[in-house]
Every structure is written in structure tokens, then in C-alpha cells.
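Just below is one structure, and these are the notes that go with it.
The values are calculated or read from the model by the stated rules, or taken from the named source; none is laboratory data. Only a predicted model underlies this, so the values are computations on that prediction, with no experimental measurement involved. In this analysis, Cβ positions are derived from the backbone assuming ideal geometry, glycine residues included, and neighbour counts consider all displayed protein chains. Accessible surface is based on the protein model in full, side chains and every heavy atom, while ligands, DNA and RNA are left aside. Shrake-Rupley method; radii C 1.70, N 1.55, O 1.52, S 1.80 Å.
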Amino acid sequence: MDEVLSAPEIARVVDRALAGSLPEEIARSLVRHRVLERIAAELATSGELERLVTAALATPQTREITDRVLASDETQLVLRHVASSPELRDAIARQTTGLAEEMVGGVRASAVRLDDRAEHVLRRPPRAEPSAYGGIATRAIALATDAALAIVVYMSTVGIVSLVASLVGGLRPDWLVGVLLASGWLLVVGTYFVVFWSSAGQTPGMRLLRLRVLRPDGNPPSLGRSLVRMVGLVLAIVPLFAGFIPVLFSARRRGLPDFLAGTVVVYDDAVPPT
């Protein structure tokens with residue numbers, strides 16, 4: 001049994017064993033002398049094992065068995081159990097949340113680099129260490145996110161009001177509709193920013209970018225300061241966003257809304273100097 005078999009001879013032995021034509025005594029002898037382990041090792045190195053496995057998988061019997069297993073009630077029950085398991089839902093939720101956090105983190109990191117790069121181009125001399133205050137890029141992305149969310153809230157409100165108005169015959173005249181739409185837009189946007197600034201110190205867009213607006217004492221702005229800051233935001237946007245240009249040159253990266261309300265915008269994970 002110490003004789004070395006060639007790959008074709010090994011393949012013929014395996015084929016006969018699979019076909020059931022190998023004498024029982026020879027089969028027991030192969031097991032007893034650990035020849036099967038040697039045969040498996042030889043097949044793995046010669047490539048015959050891959051051929052045999054491919055041939056076995058390509059047989060009609062294998063396809064029939066696979067179809068029967070997949071179509072069986074037991075398999076369907078197992079699949080339903082796995083799909084409805086809390087563990088799977090938790091794993092998908094964690095994966096989705098992790099992916100979203102990575103995407104937001106990548107956007108934020110890029111925005112912070114743009115903050116520093118834009119400031120270094122226009123400001124001399126450059127800062128000796130990273131700033132704790134939010135720069136022009138992160139603030140712009142946060143503002144755009146908040147504007148999109150405010151539009152969603154506004155359009156939802158308009159849809160509900162339009163539905164109610166249609167039930168009572170509509171609104172007339174047209175100029176009144178225009179005034180109501182403009183007033184509604186100012187009311188929704190103003191409420192959105194003022195409520196989030198005064199209650200949490202950050203809007204949803206600022207939270208995504210990990211920004212926070214603070215008073216000099218380190219607390220969120222009061223309702224009055226938030227109203228003043230909202231007026232400053234409108235004034236900063238109207239002349240083609242010129243009110244945000246001071247962010248590039250100010251030591252604490254303050255724009256017109258910050259100067260009017262006496263606030264600063266800081267990164268959530270940084271502590272501004274007192």
C-alpha cells in the first residue's frame with residue numbers, strides 16, 4: 001500500500017468508489033491504511049479533485065436533489081424563520097446605520113478640510129493649530145441640508161392646507177394665495193431654525209455635520225437671540241450670501257448672524273477657547 005498512485009489511477013479509484021463498483025474488501029483496506037487521505041491530498045494537488053467535484057455538481061441527479069431541497073417545506077420554513085428573526089433585523093439595522101454614519105463622517109471630514117483650506121488661501125498667516133469653530137464649508141452643507149428639510153416640511157404643510165381649502169371651495173383671490181404662501185414659507189423656515197437653535201443649539205443639518213451654535217457662556221442661544229440670529233441669516237443670504245464672507249477672515253469664524261446675535265458656531269467634538 002506504500003506504492004504511489006498516479007493522478008489518473010486515483011481518479012479511476014474514486015470514480016469506481018462513487019459508482020459503487022469498488023469491492024467492499026478493497027474499500028475497507030483503503031480506509032484502514034489511510035489511503036483515502038493520501039488520495040485526497042493527491043487529487044487536491046493534481047487538479048483532479050476540482051474536475052470530480054465539477055462533474056458531480058453538473059449531473060442531473062445533483063440538480064434534481066438541489067431543486068427538491070430548495071422547494072421542500074422544511075427549507076421554506078427555515079428561510080421564513082431566518083428572514084423574520086430579530087437577530088437578522090438587528091444586523092441589517094446595524095449595517096445600515098454603520099454605512100450611513102461612515103458616509104456622513106466622510107462628508108464631514110472633507111468639509112472640515114475644505115474649511116481649513118479655504119481659510120489658509122485667504123487668511124495670512126495660517127492658524128498654528130486646527131480651529132474649534134465651524135468654517136464656511138461645513139456651515140454651507142449644514143445650511144443646505146436644513147433648507148431641504150424646511151422645504152419638505154413646507155410642502156407637506158401646503159399640501160394639507162390645499163386639501164382642506166379644496167373641500168371648502170378654494171381660496172380667492174389669487175393675490176391672497178400668494179401672500180399666504182410667502183407668509184407660510186417665512187413662518188415655517190423661521191420656526192424651524194429658531195426652535196432648534198434655542199432648544200438644542202443645533203439644527204438637524206448642523207447635527208449631521210456636528211456643529212453647534214453657542215452663546216458666550218457656552219449655552220444655546222435664547223429665544224430672543226435665536227430670533228435676532230434668524231434675521232441676520234436672512235440678511236446674510238439676500239446679498240448673494242455675502243453675509244458669510246467674514247467667516248473666512250474672522251478669528252472665531254463668525255458670520256453676520258453671529259455678530260448680530262452674539263453667538264459662535266463650534267465643532268461638537270472641539271472645545272472653543274474661553
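Residue selection: SER85 satisfies the criterion of being open to solvent by less than 60 Å² (accessible area, probe 1.4 Å), over 30 Å from THR138 (Cα atoms) and within 24 Å of the chain's Cα centre (by Cα). Taken as a whole, the structure leaves GLY190 outside the set of residues that are closer than 27 Å to ARG225 by Cβ, in contact with a strand residue (DSSP E or B) (Cβ under 6 Å, 6 or more places away or on another chain) and either surrounded by 15 or more Cβ atoms within 10 Å (Cβ to Cβ) or of a type in the set (Ser, Thr, Tyr) (or both). In contact (Cβ under 8 Å) with a residue 60 or more places away in the chain and part of a helix (DSSP H, G or I): is that true of ALA182 in this structure? Taking the combined requirement at face value, the residue does not satisfy it.
The set of residues from the range 127-159 being surrounded by fewer than 14 Cβ atoms within 10 Å (Cβ to Cβ) and either more than 31 Å from the chain's Cα centre (by Cα) or among the charged types (D, E, K, R) (or both) comprises ARG127, ALA128, GLU129.
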